[in-house]
Amino acid sequence: MEGGALALPHFRSRVGVGSPILLSADPGSARRSPGASGRSRVSRVNPGAYPRSAGRGRTWKRDSPEAPPRRSGITRVPNRSPEMPTERAGRTKVSNVNLEVSHHRAVAAVRLLRIEKGKAFVDLLNEKGNSSGENEMSYVERTLGFSTRCLDNRDIRLVTVIVAGTVRWKRYLDYLIMSLCSEEKVFREMEPLLLQILRIGFFEILKLNVPAYAAVDENVRLAKVALRPGAGNLVNAILRKLLLLKEANSLPLPKIEGDDRAQARALSIIYSHPVWMVRRWIRFLGKEEALKLMNWNNSDPHFSIRVNTANGYTRADLIDQLESLQVHYEKSTMDEFVRIQEGLVVSVVDPQPGETIIDCCAAPGGKTLFMAARLLGQGKIWALDINKGRLRILMEAAKLHNLDAMISDIHADLRLYAKETTAKFDKVLLDAPCSGLGVLSKRADLRWNRQFEDLEELMCLQDELLDSASMLVKPGGILVYSTCSIDPEENEHRITAFVQRHPDFVPQSVHGYVPAEFVTDEGFYSSSPTKHSIDGAFAARLVRSAL
């Protein structure tokens, strides 16, 4: 699926935030196929602001995340740097900069702690934009009691890799950590920050192949400085146990045996997914395809980018820029993209010059901007979204790429707007809120934030939004419904139910709008990670009768 029109941190320091060539970083992309050349991994930028508070307790139990925060003691006096003042409450203070700890590990541990408490996202904001780096360092200092030095671009990439990977493999890592503790109670009552440090060490040793001495020494030092010597000793003992088991190729893993439920529990640990997802995918896809899908979700994501054709640039210009930066790439079958076959949902909409189009859940705006570029200066797009902040980001991106004259924003709930307006449009795009089960490789935390019960609520919302969106379509007009899910109950089943409620809408095959390999027998667009090596997505094209 197409993503937000945001400059990538990989290019930010070398191309610049306002690069006129680069229009969008597209998270609905593929990764390198065997034997193919591929561009280097690029981290996504999250423009949202961080919450105001963070904290940690010395004796929290893992089952009690709401326990009141308190600062832990520091066992040694941090090195101080008078050259790093920060402003707080209207006065200038000097940060306690500790130069003994690994800077990117300290930041990663705090970010993981905040993610666990539901107060942060996996994506690390670029420190050079919107004071996000200052906020990040403020959270680190408040949580640990000391500051790190400012992170450079390499540090930021390391934090992003460690945080995303640790969250992705959390269930597997926790199983191993608990297995190596002297007793289960030690794990269950482990301090949250200590657990994050252990997770980082395990991930570095098992998945990043960081040299053993570095993974052990740096995480032990962080635990000692941020907590106390005893915490460092525990980290040292457990990490060294892990190294011995890894060298002996005898890591503890659950056996895949017993009934379907027991096997799903074992697979959920080995592949680090919720049990309900494993059981659902085995039921819908079969065990072999389910394992392939989980492997895809656990692999490092890649991203595609779209050239800013609205400003007169071509893909050749973008390729020249990538080659000058020595960034590997692949061409797409679509002229606007580099790396993979992308932009396919917009292709299902098929924007034509002179048309009026409304994007019903528009923010952060990747599809909106793409459709506007396709109009070639003739026509109009309305971008509607319930989130005012994300809608503002969309309009800022539109202005940056000289598309603001063609796009008008509407801050509203689609369900209320459809009842109140008399406006009708040639084409209506509803990229509906969904489970996101097709993009779990990029949304590392999403698998842990979804419950089986969420699907039923989402399906009800999808039906409501579809009914509302249909009210905005002109007679003879087009309604496109899309998701970034691979679950048939969010996709094909929703269209079947919609057509039963609205017989004046008839599904139209997407054949001719997208490559044939993405067209299902029913005429829908569907991409599969295991079949097409791109994120999972779905789109249906519906025509309203002219009478």
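The values are calculated or read from the model by the stated rules, or taken from the named source; none is laboratory data. Note that the structure is predicted; figures quoted are calculated from it, not measured. Because the Cβ atoms are built from the backbone with ideal geometry, glycine has one as well, and the counts that use them run over all protein chains shown. For accessibility, only protein heavy atoms count, side chains too; no ligands or nucleic acids. Shrake-Rupley method; radii C 1.70, N 1.55, O 1.52, S 1.80 Å.
Of note:
- Hits in segment 237-252 (condition: touching a helix residue (DSSP H, G or I) at 6+ places or on another chain (Cβ under 7 Å) and in a helix (DSSP H, G or I)): Ile238, Leu239, Arg240, Lys241, Leu242, Leu243, Lys246
- A single entry from Leu176, Leu227, Leu195 fulfils the requirement of being open to solvent by less than 10 Å² (accessible area, probe 1.4 Å) and over 17 Å from Ser272 (Cβ atoms): Leu227.
- Taking the numbered list (1) open to solvent by 10 Å² or more (accessible area, probe 1.4 Å); (2) touching a Pro at 6+ places or on another chain (Cβ under 8 Å); (3) over 18 Å from Val480 (Cα atoms); (4) assigned to a loop (DSSP other than H, G, I, E, B) in turn, Cys361 passes all entries but (3).
- Close pairs (7 angstrom Cβ cut-off, 6 or more residues apart or separate chains): under 21 Å from Ser182 (Cα atoms) in segment 240-261, assigned to a loop (DSSP other than H, G, I, E, B) and open to solvent by less than 60 Å² (accessible area, probe 1.4 Å) anywhere: Leu245/Leu251
- On the stretch given as segment 144-159, residues that are of a type in the set (Val, Ile, Thr) and surrounded by fewer than 22 Cβ atoms within 10 Å (Cβ to Cβ) total 0.
- Meets criteria (part of a loop (DSSP other than H, G, I, E, B), on the phi > 0 side of the Ramachandran plot, touching a Ser or Thr at 6+ places or on another chain (Cβ under 9 Å) and not assigned by the TED database to the domain that holds Val275) for Gly438: no
- Selection over segment 198-213 of residues that are open to solvent by less than 20 Å² (accessible area, probe 1.4 Å) and not β-branched (Val, Ile, Thr) gives a count of 6.
- Selection status of Leu234, touching a helix residue (DSSP H, G or I) at 6+ places or on another chain (Cβ under 8 Å), more than 29 Å from Trp296 (Cβ to Cβ) and open to solvent by 10 Å² or more (accessible area, probe 1.4 Å): yes
- The lone criterion from (1) crowded, with 19+ Cβ neighbours inside 10 Å; (2) touching a residue at least 60 places away in the same chain (Cβ under 8 Å) left unmet by Asp385 is number (2).
- Selection status of Lys424, at pLDDT 95 or above and either closer than 22 Å to Leu542 by Cβ or not aliphatic (A, V, I, L, M) (or both): yes
- Checking each residue in segment 257-287 for being open to solvent by less than 40 Å² (accessible area, probe 1.4 Å), part of a helix (DSSP H, G or I) and more than 20 Å from Arg168 (Cα to Cα) picks out only Ala262.
- When residues of segment 105-133 are limited to those that are closer than 18 Å to Leu158 by Cα and over 20 Å from the mean Cα position of the chain (by Cα), the one modelled with the lowest pLDDT: Lys128
- Selection status of Phe538, under 22 Å from Lys292 (Cβ atoms), open to solvent by less than 10 Å² (accessible area, probe 1.4 Å) and of a type outside the set (A, V, I, L, M): yes
- Only residues that are farther than 23 Å from Thr143 by Cβ, without any contact (Cβ under 8 Å) to a residue 40 or more places away in the chain and of a type outside the set (Ser, Thr, Tyr) were counted in segment 161-207, giving 4.
- Of the numbered criteria (1) farther than 17 Å from Tyr175 by Cα; (2) open to solvent by 40 Å² or more (accessible area, probe 1.4 Å), the one Leu251 fails is (1).
- Within segment 476-493, residues that are in the same structural domain as Asp359 (by the TED database) and among the hydroxyl-bearing types (Ser, Thr, Tyr) have Cβ atoms under 8 Å from residues that are in a loop (DSSP other than H, G, I, E, B) and open to solvent by 10 Å² or more (accessible area, probe 1.4 Å) in these pairs: Ser482/Met1; Thr483/Cys434; Ser485/Cys434, counting only partners at least 6 apart in sequence or on another chain.
- Qualifying positions in segment 288-303 - in a loop (DSSP other than H, G, I, E, B) and of a type outside the set (Phe, Trp, Tyr): Ser299, Asp300, Pro301, His302
- For segment 410-441, residues that are over 30 Å from Ser272 (Cα atoms), crowded, with 23+ Cβ neighbours inside 10 Å and not aliphatic (A, V, I, L, M) total 1.
- Any chance Gln462 is modelled with pLDDT of 95 or more and either within 24 Å of Phe121 (Cβ to Cβ) or small (Gly, Ala, Ser) (or both): yes
- Qualifying residue in segment 445-453 (condition: free of Cβ contacts under 8 Å to residues at least 40 places away in the same chain and over 28 Å from Arg111 (Cα atoms)): no
- Here Leu369, Leu430, Leu416 are screened, and the one residue that is hydrophobic (A, V, I, L, M, F, W, C) and at pLDDT below 95 is Leu369.
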